[in-house]
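No lab work stands behind these numbers, since they all come straight from the coordinates. Note that the structure is predicted; figures quoted are calculated from it, not measured. Cβ: placed from backbone, ideal geometry, glycine included. Neighbour counts: every protein chain shown.
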Amino acid sequence: MTVEFTVPGTPVGKGRPRFASRGKYVQTYTPEKTRNYEAWVKQCWADSGNQKLSGEIWVFITARFPIPKSASKKARAEMLEGKVWYGKRPDIDNVAKCVTDPLIGLAYDDDNQITLLHVEKVYSDTPCVHVKLVEREAKTCEP
């Protein structure tokens, strides 16, 4: 089974945990921007009407970032054609974490079910994150 959904808006990478001193105790918390984006990913999954997957899962993520307003017409065309990739922050692994972590319990039971992860960052006129989950049958590792 294959399911797909889109998270509209500029992609966000998972932020590092923050620490706050509360007297003699240290409290750890997730940054607000990360919490909000993960809630948005959950909402987009729920709105898609997809069902939970089981077994081995392949995940394909395309993070589409906005083209800078300062880009020339030539540079803009190259960005849209895929000749120029998005090579700025957030880090690609943090983008993947910000999408896969909130789906635990919704799209799959545990993220250890993910056996293939393909993530790419590109420029686009419509910033969003497109996610495709493919449920795979268990296979042997023979060539």
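Panel order for 42, 14, by other beta carbons found within 10 Å of each beta carbon, from fewest to most: 42, 14.
For the chain, adding -39500 (n - 2.57) for each run of n ≥ 4 DSSP H residues and dividing by the number of residues yields -7500 deg cm²/dmol at 222 nm. Each of 29, 123 was scored by other Cβ atoms within 10 Å of its Cβ. Arranged with the fewest first, they read 29, 123. The stretch between residue 70 and residue 52, if pulled fully straight at 0.36 nm per residue, gains 2.3 nm over its current Cα-Cα span. Given the pairs 33/88; 83/121; 14/83; 74/121, which span a C-alpha to C-alpha distance of over 23 angstrom in this model? From the list (33/88; 83/121; 14/83; 74/121), the Cα-Cα distance tops 23 Å for 14/83. Footprinting exposure proxy ranking of 18, 76, fewest other C-beta atoms within 10 angstrom first, gives 18, 76.
Which net charge results for the neighbourhood of residue 50, defined as the other residues with beta-carbon distances under 14 angstrom from its beta-carbon, given Lys and Arg at +1 and Asp and Glu at -1? Neighbourhood net charge equals 0.
With the cut-off at under 20 Å, measuring from each backbone N in segment 60-99 to a point 7 Å along the Cα-to-Cβ line of residue 117 picks out 60-65, 86-99. Electrostatic tally near residue 67: other residues with Cβ closer than 9 Å to its Cβ, Lys and Arg +1, Asp and Glu -1, net +1. Both radii are taken from the alpha-carbon atoms of the chain; with Rh as the Kirkwood radius, Rg/Rh is 1.04. Between 77, 63, 96, which gets the highest mean-square fluctuation from a Gaussian network model of the chain, Cα cutoff 10 Å? Top of the fluctuation ranking is 77.
Extension gain for residue 21 to residue 104 (0.36 nm times residue separation, less C-alpha to C-alpha distance): 26.9 nm.
Between 72, 21, 48, the Gaussian network model of the chain with springs among Cα atoms under 10 angstrom shows the greatest mean-square fluctuation at 21.
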